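Inspection log for the structure reproduced underneath, given as structure tokens.
The values are calculated or read from the model by the stated rules, or taken from the named source; none is laboratory data. In this text the structure is predicted, and so the values were computed from the model without any measurement. Here the Cβ positions follow ideal geometry from the backbone for every residue, glycine too, while neighbour counts run over all protein chains shown. Just the protein is used for accessible areas: all its heavy atoms, side chains included, with ligands, DNA and RNA removed. Shrake-Rupley method; radii C 1.70, N 1.55, O 1.52, S 1.80 Å.
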Amino acid sequence: MPYLLTILLSITLLSGCQSAYYSAMEKVGVHKRDIMVDRVEDTNKAQQDAQEQFTSALDALKALNQFDGGDLETAYNDINDQYEASSDAADKVSERIAAIEDVADALFDEWENELSLYTSTTLKRDSEKKLRATQTSYKKMLTAMHKAESKMTPVLNTLRDNTLYLKHNLNAAAIGSLQGEFTSLQKDIQRAINDMQIAIDESERFISHLKKA
């Protein structure tokens, strides 16, 4: 019970900190909508970085797949570096998505609550219409982001497995035994890269929509 209480308290404090942050930003003229745009743009950049990193990992796998003599230690270190960099890039994307979800909850709650303050039926109806359209666009973007995010986890797991196997089997036979794994992994990485592009395109559409709403 004390453990659960600690978790609930932490969540409450974190929520309170975020609310205080948004209130403070509001006082200096930075609204939740502005913060939302900034965070989506940050996530867009993180996704582009992840795309580049996963492409580098794909290139390294192709090189290892075509290994025909040389320094196996160097080949292993390259793959291991690619795995660690890819893992960091994926973590950054996840952090950025979580930040978007936080400000989105605050923005949409505020927008929804303010609908009851209108005395003009026409303005209220128009504001509500824009809110629903923005929520729809947001959900489409978020779905694309989470889909791309979900593709990264199995890729990282397989890349880690391959890296660990090579670490303790630095010989040409080991590379040969991973040929099938490499082929499958390369396809998974390419799918993840493609899904990231879809998420990037959706985020750009959402930013455009939000600036017009």
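Brief remarks on what is shown
- Of all residues in segment 158-182, exactly one satisfies the criterion of being open to solvent by 60 Å² or more (accessible area, probe 1.4 Å), within 16 Å of L58 (Cβ to Cβ) and under 25 Å from the mean Cα position of the chain (by Cα), namely R160.
- Restricting N169, N194 to those that are free of Cβ contacts under 8 Å to residues at least 12 places away in the same chain and under 30 Å from R39 (Cα atoms) reduces the list to N194.
- Scanning segment 75-90 finds no residues that are in a helix (DSSP H, G or I), β-branched (V, I, T) and closer than 30 Å to K32 by Cβ.
- Of note, T6 satisfies the criterion of being open to solvent by 40 Å² or more (accessible area, probe 1.4 Å) and either over 15 Å from the mean Cα position of the chain (by Cα) or at pLDDT 90 or above (or both).
- Residue match in segment 76-85 (condition: surrounded by fewer than 18 Cβ atoms within 10 Å (Cβ to Cβ), of a type in the set (S, T, Y) and at pLDDT below 85): no
- Filtering segment 103-139 to residues that are of a type in the set (S, T, Y) and either open to solvent by less than 60 Å² (accessible area, probe 1.4 Å) or not in a helix (DSSP H, G or I) (or both) leaves Y118, T119, S120, S127, T134, S137, Y138.
- Check on T153, closer than 19 Å to S56 by Cα, part of a helix (DSSP H, G or I), open to solvent by 60 Å² or more (accessible area, probe 1.4 Å) and modelled with pLDDT under 85: no
- Among the residues of segment 38-60, those identified as more than 11 Å from S86 (Cβ to Cβ) and either open to solvent by 60 Å² or more (accessible area, probe 1.4 Å) or more than 15 Å from the chain's Cα centre (by Cα) (or both) are D38, E41, D42, K45, Q48, D59.
- Among the residues listed as A50, A63, the single one being part of a helix (DSSP H, G or I) and within 30 Å of C17 (Cβ to Cβ): A50
- Pairs with Cβ under 6 Å, 6+ apart, first in segment 88-109 and within 25 Å of A24 (Cβ to Cβ), second open to solvent by 60 Å² or more (accessible area, probe 1.4 Å) and assigned to a helix (DSSP H, G or I): R96/D42
- L72 being modelled with pLDDT under 95, surrounded by fewer than 18 Cβ atoms within 10 Å (Cβ to Cβ) and not polar (S, T, N, Q): yes
- Within segment 65-123, the residues that satisfy the criterion of being within 16 Å of D49 (Cα to Cα) and among the β-branched types (V, I, T) are V93, I97.
- L142 open to solvent by 40 Å² or more (accessible area, probe 1.4 Å) and hydrophobic (A, V, I, L, M, F, W, C): no
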